[in-house]
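Trainee: Structure incoming, see below.
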Amino acid sequence: MYRIKYGLLFLFIWVSVSIAALPIGDAERAYAQTGEVSSAGAISAEVNVTPNDVNEVAKELWCPLCNGVRLDACELKACEQMRDLIAEQLAEGQNKEQIKNYFVEQYGPQVLGEPPLEGFNWLAWILPFLVLGVGGVFLWRAMQRMIAARPQGATSAPLQPVTDEPVMANEYNRRLEEELKRYG
Amino acid sequence: MADGMTERTVSLEAQQAHRRSVRIWQAIFTLILVGFIILLAARLIQTNQSEHRASGQAPPFTFTTFEGETISLEDLRGKGVVLNFWASWCAPCRDEAPLLEAMWRREKDNGIVFIGLDYLDQEPAAKAYLAEFGITYPNGPDLQSAAARRYGIKGVPETFFIDADGMIQEVVVGPIVNQAQMEALLDKIRPGNTSK
């Protein structure tokens with residue numbers, strides 16, 4: 001019984017820590033003033049860059065003013081200006097990586113939607129894998145022990161007295177066998 | 001009978017060893033969990049501290065203007081500094097832009113410097129904005145929001161009034177559109193002013 005209890009405890013800790021270790025969005029502030037949405041067309045007709053070309057780059061960048069909004073889906077004017085700039089840079093012949101590097105230089109690595117590997121942020125990268133690995137090994141071993149503890153060929157729980165004191169159970173079995181021999 | 005006793009002793013020892021093992025693992029898990037919680041708490045405290053709006057001594061910063069000139073706050077010691085965070089996509093910034101430029105033109109020979117830091121913006125749009133309002137005081141991008149983070153701004157526009165000793169005297173959140181308010185604020189950072 002206690003094996004199941006500890007198995008469940010491991011599972012609970014594993015799941016809790018895995019959830020807690022998920023990367024938390026950087027506390028980049030959302031601005032009330034940024035809510036203005038422009039209706040102007042994003043891309044000039046005179047350049048040979050389609051909205052799909054722009055979105056191909058924009059979908060790999062994140063709104064620097066919002067939490068968890070991709071640039072291709074963001075309706076802020078600031079994001080629209082960023083998409084306009086992507087169109088200009090594509091028209092100048094820059095590739096996706098060059099454009100992404102430009103935005104990282106301007107706004108920081110948050111624009112890629114990934115926490116930079118420095119300071120406390122390394123936890124967000126390493127901990128989920130560490131917790132998954134270590135927790136997985138423990139769960140596997142706990143399950144193996146539970147399977148090994150089960151009598152061979154049993155299809156359901158054996159009819160044994162359930163107690164937290166296995167020594168008492170052994171004593172009970174020994175006396176039962178003695179009585180059976182004596183009277184059986 | 002002696003065999004039974006031995007078996008029971010062995011079984012008892014095995015049980016005790018197993019319990020010790022479980023206790024050790026429990027302690028290890030508890031330590032890991034407590035350590036993790038302490039790390040998260042430390043990070044939370046650090047984040048809260050960094051999000052406070054700057055006060056007292058103005059945090060130092062250096063930036064390069066759109067024209068390529070490098071300006072450091074420390075080089076402006078001895079002058080009053082009006083530090084304005086803005087962006088071309090910010091509608092309220094447009095409300096204060098004419099007043100900021102007018103005040104700069106009036107005060108630039110009186111020991112007061114205006115500086116504009118462009119927050120999370122795009123250079124073409126920012127330059128168009130500066131041209132639209134005829135802004136002539138030094139302006140440049142706040143690369144990677146370095147100064148914005150140090151000053152703990154919560155939005156744009158925000159304007160910090162820094163005196164000749166490098167102390168933040170006032171912070172205005174939102175646009176300054178009232179000239180009397182602006183003049184009162186400038187008086188607080190005017191070099192040689194003793195009525196702080």
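Trainee: Interface A/B, total buried accessible area with a 1.4 Å probe, nearest 100 Å²?
Mentor: For chain A against chain B, roughly 3700 Å² becomes buried.
Trainee: If the cut-off is a Cα-Cα distance under 30 Å, which lysines reach B:Lys188, setting aside same-chain residues fewer than 8 apart in sequence?
Mentor: In chain and number order, the partners are B:Lys79, B:Lys108, B:Lys154, B:Lys196.
Trainee: Report the normalised scattering of the stretch A:59-137 as log10 I(q)/I(0) at q = 0.17, 0.20, 0.25, 0.26 Å⁻¹, calculated by the Debye formula with identical scatterers on the alpha carbons.
Mentor: For the requested q values the scattering log ratios are -0.72, -0.88, -1.15, -1.21.
Trainee: Report the full-extension gain for the segment B:Ala180 to B:Asp95: residue separation times 0.36 nm, less the Cα-Cα distance, to one decimal in nm. It would help to have the intermediate numbers written out before the result.
Mentor: Numbers: separation 85, 0.36 × 85 = 30.60 nm, distance 1.55 nm.
Length gained between B:Ala180 and B:Asp95: 29.1 nm.
Trainee: For chain B, what is the calculated [θ] at 222 nm in deg cm²/dmol (nearest 500), taking -39500 (n - 2.57) for each run of four or more DSSP H residues and dividing by its residue count?
Mentor: Counting only the DSSP helices, I get -16000 deg cm²/dmol.
Trainee: Leaving out ligands and nucleic acids, note down the accessible area per residue over the stretch B:96-196 with a 1.4 angstrom probe, in whole Å². Before the final figure, lay out each step's value.
Mentor: On the way: 3960 Å² over 101 residues.
That works out to 39 Å² per residue.
Trainee: Using a Cα-Cα cut-off of under 18 Å, which lysines could be cross-linked to B:Lys127, ignoring same-chain neighbours fewer than 8 residues away?
Mentor: Counting by Cα, and skipping residues close in sequence, B:Lys127 has these lysines nearby: A:Lys77.
Trainee: Within 10 Å, count the other beta carbons around each residue, average over each peptide in B:182-190, B:72-80, and list them highest first.
Mentor: Details: B:182-190: 17.3, B:72-80: 15.2.
Highest mean packing first, the order is B:182-190, B:72-80.
Trainee: Pop the C-beta distance of B:Ile37 and B:Asp75 into the FRET formula with R0 = 35 Å and round what comes out to the nearest 0.05.
Mentor: Working: r = 45 Å, r/R0 = 1.28.
Efficiency, from the Cβ-Cβ distance: 0.20.
Trainee: Kindly list the residues of the stretch B:20-64 that lie in the label zone of A:Met168, defined by a backbone N under 14 Å from the point 7 Å along the Cα-to-C-beta vector.
Mentor: none
Trainee: Work out which residues of the stretch A:72-94 lose at minimum 50 square angstrom of accessible surface when the other protein chains are put back, relative to the chain isolated, with a 1.4 angstrom probe, and list them by number.
Mentor: Those residues are A:Gln81.
Trainee: Which of the residues in the stretch B:96-124 lose at least 10 Å² of accessible area when you go from the chain alone to all protein chains together (probe 1.4 Å)?
Mentor: Correct list: B:Tyr119, B:Leu120, B:Asp121, B:Gln122, B:Glu123, B:Pro124.
The values are calculated or read from the model by the stated rules, or taken from the named source; none is laboratory data. The model shown is predicted, which means the values in this text are computed figures rather than measured ones. Counting neighbours? That spans all protein chains shown, and the Cβs are built from the backbone with ideal geometry, glycine included. With ligands, DNA and RNA removed, areas are computed over all heavy atoms of the protein, side chains included. Shrake-Rupley method; radii C 1.70, N 1.55, O 1.52, S 1.80 Å.
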